[in-house]
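Participant: Before we start, here is the structure in question, set down as structure tokens.
Nothing in this text is a laboratory measurement; each read-out follows from the coordinates by a stated rule. The shown structure was predicted, so the numbers you read here are calculated from the model rather than taken from an experiment. Virtual Cβ from ideal backbone geometry, glycine too; neighbours counted across all protein chains shown.
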Amino acid sequence: MASIKRGFILICDDDIKIANSIQEELSTSEYECHTVNAGDDAIEKLKASPYDILLLDLDIPRVPGIEVLKFASSNTPFTQVIMLTGSADVNTAVQCMKLGAYDYINKPFRMDELLQIVEKSIEKKNLLTNITILSKEIEQRQGINIIGESPTIKQLLEVASRAANSELPILIQGETGTGKELLAKYIHSVSPRNSKPIVTLNCASFPDTLFESELFGHEKGSFTDAKNTKLGLVEIANGGSLFLDEIGELSLQIQPKLLRFLETGEFRRIGSLSTRKSDVRIIAATNKNLEEEAQEKKFRQDLLFRLNVITLVAPPLRNRKDDIIPLANFFLKLKSKSKSIKLLSEEAENFLLTHQFPGNIRELEHLIERSLIFSDGETIFPKHFNYNYLPAAESNGSTIKESEIFDKPLSEYSSEQIEKIHIEAVLKENNWDRDKSANKLGISKKTLYSKIKKYNIE
């Protein structure tokens, strides 16, 4: 298997000897380099592939270096441009920097000096990529820690580690809440691509047009509100992994475009006639039976064949009994807002071990969050997990029932929503006496005041 390159570099210099010399030197440092000798050729290369760095000579034929720099700044904003100039003219250097060049270097130059600038520009490019990912609430995690000691999860991680070393697409199947996204990030973290980003896109979150724009990008003016050129996630993830969550929700209109990308690595931004390439490893996940979906013509059979070259199944929590208590203790530590971590009583552990967890790990996480809200002391008991557990609150002489408060299962409420309801119920139980309510809740009166204000409780 070919090694993963540190970066992709385009060298544009009309002096073929210099271009080849730079290519040879950078290739020994594990960079993949392509060379061109004219400005129009450089622009065509930039249209076709997302390069990390452009080494650009100012004095090149057909299209001047300054114009190529302007094109790169407008159309490939992540590409770091390093100008190669035979002139020490300060004004020219300043003009290049204003137009978006990362740096410049005067000819003749030492190769070690150029390599140092290249390494710094790669760092900046990766930083920009990660900032963009974080701004979309897409996180890259290295060294993902999956909690579990059961034989089932150990076997899954062993198979996942083997699969990670391949370049083949992976399909993760499993019920809702089994940790499919975490498994995808684990696969990326132990793969040769882990120095590059893993980007997550939920296939159920966008209508078709927005999904295509999110995935492949769009050109400025390609549709209403397209005020700027936008890079798609396949470009941002170049060299890394793309996680497509809830792939079974992908519409039949978008599926052929994804299939083409899987087969060729090629795509087009919306509104563009240029075909581009990106090197990403696809990991997809679904809670649906895609074979049944394909038989019912709801999912393309050929796309399914491309996605499930390697299939992993995330086991339901009821099949991982040995992992329930370690996971519960992990969530207790993670979700606790105080320095002292609450402990599970023996009865609470027995409750968790006998519960079937139809919502899997996500349900366990919600149970722990709920128990931290409802428990007043340092020990958690089964009543604190109970879906029907609410303080007795009177309304017209009768106890308020869960069905009178909630219009959906409690597992679908956030911890903050449940906390608000809990505080309101305690206040009603104590006739809105804040001193008594604060004592009942086990918090200070000041904290209660801040909670009332936060949740706008009247």
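Participant: Only sites in a loop by DSSP and with at most 12 other Cβ atoms within 10 Å count here; which GluC sites (Glu not before Pro) in the stretch 268-342 make the cut?
Facilitator: Filter output for the stretch 268-342: 296.
Participant: OK, next. Among 437, 90, 183, whose Cα sits farthest toward the positive end of the charge dipole of the chain (+1 at Cβ of Lys/Arg, -1 at Cβ of Asp/Glu, about the Cα centre)?
Facilitator: Farthest towards the positive pole: 437.
Participant: Note down the relative contact order for the stretch 151-313 as a percent, whole number, built from C-alpha pairs under 8 angstrom at least six residues apart.
Facilitator: 32 percent
Participant: Residue farthest toward the positive end of the dipole of the chain, with Cβ of Lys/Arg at +1 and Asp/Glu at -1: which of 382, 422, 42?
Facilitator: Checking the options against the dipole of the chain, the answer is 422.
Participant: Using a Förster distance of 51 angstrom, determine the FRET efficiency expected from the C-beta separation of residue 260 and residue 110, and round it to 0.05.
Facilitator: Computed FRET efficiency for residue 260 and residue 110: 0.70.
Participant: Relative contact order (percent) for the chain, with alpha-carbon contacts under 8 angstrom and 6 or more residues of separation?
Facilitator: Relative contact order here is 12 percent.
Participant: Going by Cα centres, the stretch 311-332 and the stretch 150-197 are how many Å apart?
Facilitator: 15 Å
Participant: Using the Cβ atoms and a cut-off under 9 Å, what net charge is assigned to the surroundings of residue 204, where Lys and Arg are +1 and Asp and Glu are -1?
Facilitator: -3
Participant: Kindly work out what percent of the DSSP beta bridges joining two residues of the chain are antiparallel, to the nearest 5.
Facilitator: Here the antiparallel bridges make up roughly 15 percent for the chain.
Participant: Provide the gained length on full extension for the span residue 92 to residue 444, in nm with one decimal, where the gain is 0.36 nm per separating residue minus the Cα-Cα distance.
Facilitator: Taking 0.36 nm per residue and subtracting the Cα distance, the gain is 120.2 nm.
Participant: Loop only per DSSP, at most 12 neighbouring Cβ atoms within 10 Å: give me the GluC sites (Glu not before Pro) in the stretch 1-73, ordered by residue number.
Facilitator: Sparse-neighbourhood loop GluC sites (Glu not before Pro): 30.
Participant: Using the beta-carbon distance between residue 159 and residue 205 and R0 = 45 Å, what value does 1/(1 + (r/R0)^6) give for FRET efficiency, to the nearest 0.05?
Facilitator: 0.95
Participant: For the stretch 424-458, which chymotrypsin sites (Phe, Trp or Tyr not before Pro) are in a loop by DSSP, counting at most 15 other Cβ atoms within 10 Å?
Facilitator: Loop-located and lightly packed - 432, 455.
Participant: Around residue 446, what is the net charge, scoring Lys/Arg as +1 and Asp/Glu as -1 over all other residues with Cβ under 13 Å from its Cβ?
Facilitator: It works out to a net charge of +4.
Participant: For a quick check: sort 35, 447 by the number of other beta carbons within 10 angstrom, fewest at the front.
Facilitator: 447, 35
Participant: Going by the alpha-carbon gyration tensor, a ≥ b ≥ c the square roots of its eigenvalues, is the stretch 7-132 rounded (a/c under 1.5) or, if a/c is not under 1.5, prolate (a/b greater than b/c) versus oblate?
Facilitator: rounded
Participant: Oh, and also: In nm, to one decimal, how far is the modelled label at residue 67 from the one at residue 127, with both set 7 Å along Cα→Cβ?
Facilitator: In this crude spin-label approximation the distance works out to 3.3 nm.
Participant: Given a Förster radius of 56 Å and the C-beta distance between residue 20 and residue 356 as r, what FRET efficiency does 1/(1 + (r/R0)^6) yield to the nearest 0.05?
Facilitator: 0.25
Participant: Considering only 345, 73, 171, whose Cα is most displaced toward the positive end of the charge dipole of the chain, charges sitting on Cβ of Lys, Arg (+1) and Asp, Glu (-1)?
Facilitator: Farthest along the dipole direction, towards plus: 345.
Participant: Could you work out [θ]222 nm for the chain from helices alone, using -39500 (n - 2.57) per DSSP H run of at least four and dividing by all its residues? Round to the nearest 500 deg cm²/dmol.
Facilitator: -13500 deg cm²/dmol
Participant: As a footprinting exposure proxy, order 340, 191, 205 by other Cβ within 10 Å, with the fewest listed first.
Facilitator: Least to most surrounded, the residues fall as 340, 205, 191.
Participant: Once you charge only the Cβ atoms, +1 for Lys and Arg and -1 for Asp and Glu, what is the size of the charge dipole of the chain about its Cα centre, to the nearest 20 debye?
Facilitator: That gives a dipole near 820 debye.
Participant: Still on this structure: Return the ratio Rg/(2.2 N^0.38 Å) for the chain, where Rg is computed over Cα atoms only.
Facilitator: Its radius of gyration relative to the 2.2 N^0.38 Å reference: 1.24.
Participant: Moving on to the next point. Once the other residues with Cβ under 13 Å from the Cβ of residue 381 are scored (Lys, Arg +1; Asp, Glu -1), what is the net sum?
Facilitator: So the surrounding residues net to -2.
Participant: Still on this structure, please answer the following. Could you give the nm distance between label points at residue 48 and residue 305, where each point is 7 Å from its Cα heading toward the beta carbon?
Facilitator: Going by the 7 Å Cα→Cβ label model, 2.9 nm.
Participant: Could I ask something else about it? Rounded to the nearest 20 Debye, what is the dipole magnitude of the stretch 7-132 about its Cα centre when Lys and Arg each give +1 and Asp and Glu each give -1 at the C-beta?
Facilitator: Computed about the Cα centre, the dipole is about 420 debye.
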